[in-house]
Amino acid sequence: MLSFRQNFAFISINMSQNNFLVLQNLAKLIRYFIIKSTTAAGSGHLTSSLSAVDLMTVLFFKGFFRFDAENPDYRNNDRLIFSKGHAAPLLYSLWTAAGKISEKELLTLRQFGSRLEGHPMPSFPFIEAATGSLGQGLSVGVGLALNAKYLDKLSYRTYVLLGDSEIAEGSVWEAIEIAAYYKLDNLIGIIDVNRLGQRGETMHGYNLRAYQKKLAAFGWNTIIVDGHNIQKICIAFEKAKKNKGRPLMLIAKTLKGKGVKLVENKKGWHGKVLNAAEAEKAIKKLGKIDAAWRGKISAPQAIKIKKTTLIIKPAVSALDFGNKFSVRKAYGLSLTEIYPKYPEIVALDAEVSNSTFAEIFKEKYPKRFFEMFIAEQNMVGVALGLARRGKIPFVSTFGAFFTRAFDQIRMSRYSNANIKFVGSHVGVSIGEDGPSQMGLEDIAMFRTVLNSVILYPADGWAMRRLVEKAAKHRGIVYLRSTRNETPIIYSAHDVFEIGGSRVLKSSGDDKITLIGAGITLFECLAAAEEMEQCGIKARVIDLYSIKPLDEKTLVKAALETKIIITVEDHFKEGGIGEAVAAVLSGKARVISLAVEKMPKSGKTAELLNYEEISKATIVKLVKSVV
């Protein structure tokens, strides 16, 4: 059995040398690390890691991957994404072979508190994004490549390792399509075609031509390679270096479990590891290994960092929203106005920019706008890639369509993403388009995202202020945008804070509190005016910050009025009513008016009445409880 040693001999492989033996020995060392770490953990994806060892060894240690390991965030480092995140033991073993993880730490794989988690997480500094939910890594790679080619104008390449099973995911093909559209010749994908998925053979098995034909049809260059022939892998990556005009995919035929005969190319070993005796035997069969060897990663091209000049606009906005204005249009105007102050902003839209009004930003700053077409899952992944390179992506589409990208949204949180999501056309108030277009689950969805912020401006000025608050805030923010024009009730001088609210109507004689947000705020205001004529005074709160909530204002209202009515254009489950009720439990009676019937097409007023979230319903309810 090999013993661990701390005195390393770093091996630098000159590009002009055909020293394939050195690479083969490094590959053996990495296989050794994979076996040792997974057996110590008692779990992990041994076979999925072993299949890609030769591919990744050549990429890392033959000079193709250029990376300053002392400065993982260096702007011109090549980027590498393990889209097949379950091959984390390979990732950690590569960095052990590069001298950045000790052998002692490697044996903490999957242990509580270790940064070497079962699938890559940002606690490990040499990753681009949290991966493991398959089919997402290539989208993130597109974002990284877009940043290099069109924004920062840098020479770094982006490499993405994909498993053949995840190629069945539609989001992969969304990414493949958009990468070709933007001619991302700095993006290199690597498909580890080891034939076996979790339960058996993949869709195409070893039909490498099937992958090639599909990729070529989508506009990619391709190279088919034997994924265990070091010399041929070197030649393939050499060709990849010279790739121009299109993204490139290496399609590598491999054996799952390569290097361990007990598991090699056999079903039933996915996610399973060797016991101690099996590991001992497998390591002996690897042959002579020098654990003191470490490979050297080539340095990236040095660049000069240009300082960004900030153009600070006056605190008072130059916008004019008049007496009534579209909140969604105010979004486009607001983003355009604040961009000089926040020059890292980029905008992405899913072919509805003339409805979300992201087109206003596009017209003013076309080089900062990326059309993602109707492919929301990929759009979110691309935004994550851009965010990881320091950009502030504002991602817009109809609120309803973010639901199909929820997996990407939740995974972006695990990457500590700084992304702003803007959902327009929310609630039944959008009218005739009908249920398929109505965002009625969006608040609930974003409320479940850890530490997310949810903002719901009621008028143009609220949107203007909250767009800037979103840009300043680091993390995931969801801005909910109403389709209809709404009355302007605020001014350019009004202050809005994340976690705040606005009390629009109150007195010492308030009998009840009405809480609205967005479109329903105006129903609450109208109801309060009508009830006052009947001698019932009501407090009205604009709960524009749904998460976090303004607990202080809510508790004060609860103690002073005892009855709280929330009104929202959203399903009851997971919505504003439930959020408020959780805060005020035991302090006041909370009654929730929300969308509870199957929505229909119709006029806004008809639908608000039908769902019983209109002024008439509020007045009727108040009279029955006060």
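Any read-out appearing in this document is the output of simple, stated calculations on the displayed coordinates, not a laboratory observation. Predicted, not measured: the structure shown is a model, and the values here were computed from it. Ideal geometry is used to build each Cβ from the backbone, glycine not excepted, and the neighbour counts take in all protein chains shown.
List of remarks:
- Cross-link partners of residue 62 among aspartates and glutamates, defined as those whose alpha carbon lies under 13 angstrom from its own and excluding same-chain residues fewer than eight positions apart: 54, 238.
- Span from the the range 160-230 Cα centroid across to the the range 444-518 one, whole angstrom: 44 Å
- Ranked packing of 346-353, 296-303, most packed first, by mean Cβ within 10 Å: 346-353, 296-303
- Taking Cβ atoms as reference points and 13 Å as the exclusive limit, the residues near residue 352 contribute a net charge of -3, counting Lys and Arg as +1 and Asp and Glu as -1.
- Spin-label zone in the range 127-168 - amide nitrogen under 12 Å from a point set 7 Å from the Cα of residue 305 along the C-beta vector: none
- Qualifying lysines (Cα of each under 22 Å from Cα of residue 537; at least 8 residues distant if same chain): 505, 511, 552, 556, 562, 587, 615, 620, 623
- Share antiparallel - DSSP beta bridges, the chain, percent rounded to 5: 15 percent
- FRET efficiency, residue 509 to residue 591 (Cβ-Cβ, R0 22 Å, nearest 0.05): 0.65
- Each of 570, 86 was scored by other Cβ atoms within 10 Å of its Cβ. Arranged with the fewest first, they read 86, 570.
- Two-site label geometry, residue 573 and residue 201: point separation in nm, points 7 Å out along Cα→Cβ: 4.1 nm
- The overall shape of the range 23-295, judged from the alpha-carbon gyration tensor, is prolate: a/c is not under 1.5, and a/b is greater than b/c.
- Antiparallel bridges, percent of DSSP beta bridges restricted to the range 284-429 (to nearest 5): 0 percent
- All other residues whose Cβ lies under 12 angstrom from that of residue 235 are scored, Lys and Arg at +1 and Asp and Glu at -1, for a net of +3.
- Cα-projected label distance for residue 181 with residue 290, points at 7 Å along beta-carbon direction, nm: 5.1 nm
- Model label zone, residue 433; criterion: amide N under 18 Å from point 7 Å along Cα-to-beta-carbon; scope the range 569-596: 569-571
- Share antiparallel - DSSP beta bridges, the range 502-625, percent rounded to 5: 20 percent
- Taking θ as phi - 60° and the Karplus parameters 6.51, -1.76 and 1.60, the scalar couplings of the range 245-256 work out to x, 9, x, 10, 10, 8, 10, 10, 7, 9, 10, 5 Hz in sequence order, x denoting glycine and proline.
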